[in-house]
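The values are calculated or read from the model by the stated rules, or taken from the named source; none is laboratory data. A quick note: this is a predicted structure, and the numbers were derived from the prediction, not measured. Note: ideal-geometry Cβ built from the backbone for every residue, glycine included; neighbour counts use all protein chains shown.
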Amino acid sequence: MSGAASPLRLLVGGELGCRFESLPPAVERRLRDFFAGLVYDSRADARDELVVAGGAPPPDDGAGRVVLISEAPVQVWRAGPLVGFEVPGATGWCDPEQGRGGLRVRSSDPHLLEVVAGLIAAPLLMELAVGRGWLGLHAAGVAWEGRGVLLPAPSGSGKSTIFRNVAARGLDVLSDDLIWVHETRGGFRMWPFPRGAPAEAAPNPTAEDVSVEAIVCPTITESEHNRLLRITPQQTFDVIILQSGFLAGGLHAAARFRSLVRLAQTPAWRLEAGNDREEVPTLLKTVLSSSEVCLCHVSH
């Protein structure tokens with residue numbers, strides 16, 4: 001697609017717009033599949049819009065470049081305000097201060113496009129959002145009666161399993177893997193970050209824009225029972241900072257750090273999820289029933 005009048009666009013909460021333009025058709029199609037929320041929309045009324053265009057990053061001689069991540073197949077670097085993503089055959093870059101970034105893909109190989117979507121496009125958008133006060137978190141999000149639970153955890157910790165069980169029992173769900181969090185005068189709120197086509201493993205979101213009333217950090221155990229343990233703000237911070245993709249530097253990084261510190265003051269628990277997965281939705285309701293709840297619960 002080249003500079004079409006209706007660029008590919010992702011709207012988050014009606015406040016933040018992420019627009020892709022001038023991308024090769026194969027890249028555009030893969031991004032559309034990867035981000036289920038991407039839609040064609042020619043309106044230019046997003047209150048705050050980020051732009052990702054096809055093309056190479058600004059000239060960079062490598063001076064002052066700091067490598068942040070170097071794990072095959074991706075390398076992430078920072079040079080001043082720029083954050084760059086490189087994989088064999090593709091480059092991504094973003095400038096959080098300007099709200100602009102770019103993608104350059106030199107092949108339409110399906111495997112490469114998969115890597116571009118998962119390891120470049122998603123973190124690129126999260127970095128751009130930093131400059132607008134949005135946090136992209138590797139977390140699930142569920143809600144009950146309009147009150148939200150943020151479930152941050154690394155891959156394999158049970159987020160998707162909890163998401164399915166909660167959805168099957170009538171609680172509202174936002175996302176099983178990626179969440180936007182935004183600090184407002186009334187506290188933190190979270191929005192879903194749709195990714196991929198709906199499937200049995202990841203039901204469609206049934207809620208959006210809910211307040212963050214509790215944080216539950218899940219982990220899978222071999223126990224027959226579930227344990228819900230209250231944790232401190234420091235323990236909460238140790239979890240969420242690892243799931244926030246902290247790449248940008250400068251003033252935005254400092255603001256992001258302070259925002260995470262404030263988010264960590266939210267009442268929080270560690271959920272040790274045993275074999276009784278059907279009880280987990282009830283435990284999450286218990287957490288949300290009162291901000292004063294403080295318990296060590298073992299199911300029987």
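Of the residues Ile215, Ile241, the single one that is out of contact with any Pro (no Cβ under 9 Å at 6 or more places or on another chain) and aliphatic (A, V, I, L, M) is Ile241.
Note on the range 136-190: residues that are assigned to a loop (DSSP other than H, G, I, E, B) and either outside the structural domain of Leu284 (by TED's automatic domain parsing) or not polar (S, T, N, Q) (or both) amount to 13.
Here is a yes/no grid of residues against (1) loosely packed, with under 14 Cβ neighbours inside 10 Å; (2) among the acidic types (Asp, Glu):
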| site | (1), (2) |
| --- | --- |
| Val216 | no, no |
| Asp238 | yes, yes |
| His252 | no, no |
| Glu279 | no, yes |
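Here Ala122 meets the list (1) farther than 22 Å from Leu82 by Cβ; (2) in contact with a Lys or Arg (Cβ under 8 Å, 6 or more places away or on another chain) almost entirely, failing just condition (1).
Of the helices (runs of 4 or more DSSP H) lying entirely inside the range 196-300, those carrying at least 3 residues that are at pLDDT 80 or above and farther than 30 Å from Leu16 by Cβ are 280-289. In the set (1) over 16 Å from the mean Cα position of the chain (by Cα); (2) closer than 30 Å to Thr282 by Cβ; (3) in contact (Cβ under 8 Å) with a residue 40 or more places away in the chain, Asp172 fails one condition alone, (3).
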